[in-house]
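Structure, as C-alpha cells:
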Amino acid sequence: MYKLRLSPRKIGLVLLAIVAGLLAGGLLTQYVKFFHGHDVQFGFVRLLALDGEGNLPSWYSSVQLLFASAALGIIALYRKQERNPYRWHWVTLSILFLYLAIDEASSIHEMTAPPIERWVGTAGPSIKSVSSLLGTPWLLAAIPFMIIVFLVFVRFLWNLPRATMILFLLGGGLYVAGAVGVENVAGHYLVNPGADETFTYQIMITVEEGLEMLGIVVFLY
C-alpha cells in the first residue's frame, strides 16, 4: 500500500514564504502607489491588493482555509471509524473552515452589515454603546458566535495533545486578532473621510491579513 508522507515543517515553511511574499508584494505596490503616484503598475495594484476581491491574496486565503477544512475532514473520518467521542467536533470544525473558505472568496459576512445597522438604529442605548465600540457592524454577530464556539470546544481542546492544543489556540488567537482586533481598529479609522485612500490604512490591512494568514498556517502545522 502506498503511503503519502507529509512534512509539517516543510509545508509550514512553504506557506510562510507564500504569506510573506503576498504581504510584501501588497504593501510594496501600495507604497509605490501613494508615494510615487503609480496607481495601476501594470495591474499589480489590483492583483496584490490585500483588501481586494478576486485577486491573489483573496484566492490564497480561500484555498488555505479550504486546505484546513479538508485536513479536518480527513481527521474526522478517522475519528468516526474509531468511534472517538469527539468525532463530531472534528466534523463541525471542517464545516466551519469550509464556510470560512467560501466567505473569504465571496464576503458573505459583509451582507450582514446593513440589517445589523438597521437593528442597532432601533435598539436600546446599551446596544448602541456596544456598537460604537466596534469598528464594523458584523462584529456584533461575530463576537458572540466565536465565544459560543469556544465554550462548546473547550473540553475538546483540553483533551487534545498539549502541543496540538497550544498550536490550535495560538493559530485561532492570531486569526481572531486580525479578523476582529485589527479590523475593529481599521473600522474606527475609516470614520475619517478618505481614510481608505491612505498608506496608513494599507498598513492596517497588511497587519490584519497577515495575522489571519499566519493564524491558519500555525493551525495547519
Quiz item: Does Leu220 satisfy the condition of being over 18 Å from Lys33 (Cβ atoms), open to solvent by 30 Å² or more (accessible area, probe 1.4 Å) and at pLDDT 95 or above?
Solution: no
Exercise. Go through segment 123-136 and give me each residue that's modelled with pLDDT of 70 or more and either assigned to a helix (DSSP H, G or I) or touching a strand residue (DSSP E or B) at 6+ places or on another chain (Cβ under 6 Å) (or both).
Key: none
Quiz item: So which residues in segment 1-13 are farther than 19 Å from Tyr175 by Cα, open to solvent by 60 Å² or more (accessible area, probe 1.4 Å) and not basic (Lys, Arg), if there are any at all?
Solution: Met1, Tyr2, Leu4, Leu6, Pro8
Exercise. Restrict the check to segment 168-182 and report whether at least one residue is open to solvent by 70 Å² or more (accessible area, probe 1.4 Å) and over 30 Å from Ala76 (Cβ atoms).
Key: no
Quiz item: Where residues in segment 91-122 are at negative phi and polar (S, T, N, Q), which of them is modelled with the lowest pLDDT?
Solution: Thr122
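The values are calculated or read from the model by the stated rules, or taken from the named source; none is laboratory data. Here the structure is a predicted model, which means the values were calculated and not measured. Note: ideal-geometry Cβ built from the backbone for every residue, glycine included; neighbour counts use all protein chains shown. All accessible areas refer to the heavy atoms of the entire protein, side chains included, with ligands and DNA or RNA removed. Shrake-Rupley method; radii C 1.70, N 1.55, O 1.52, S 1.80 Å.
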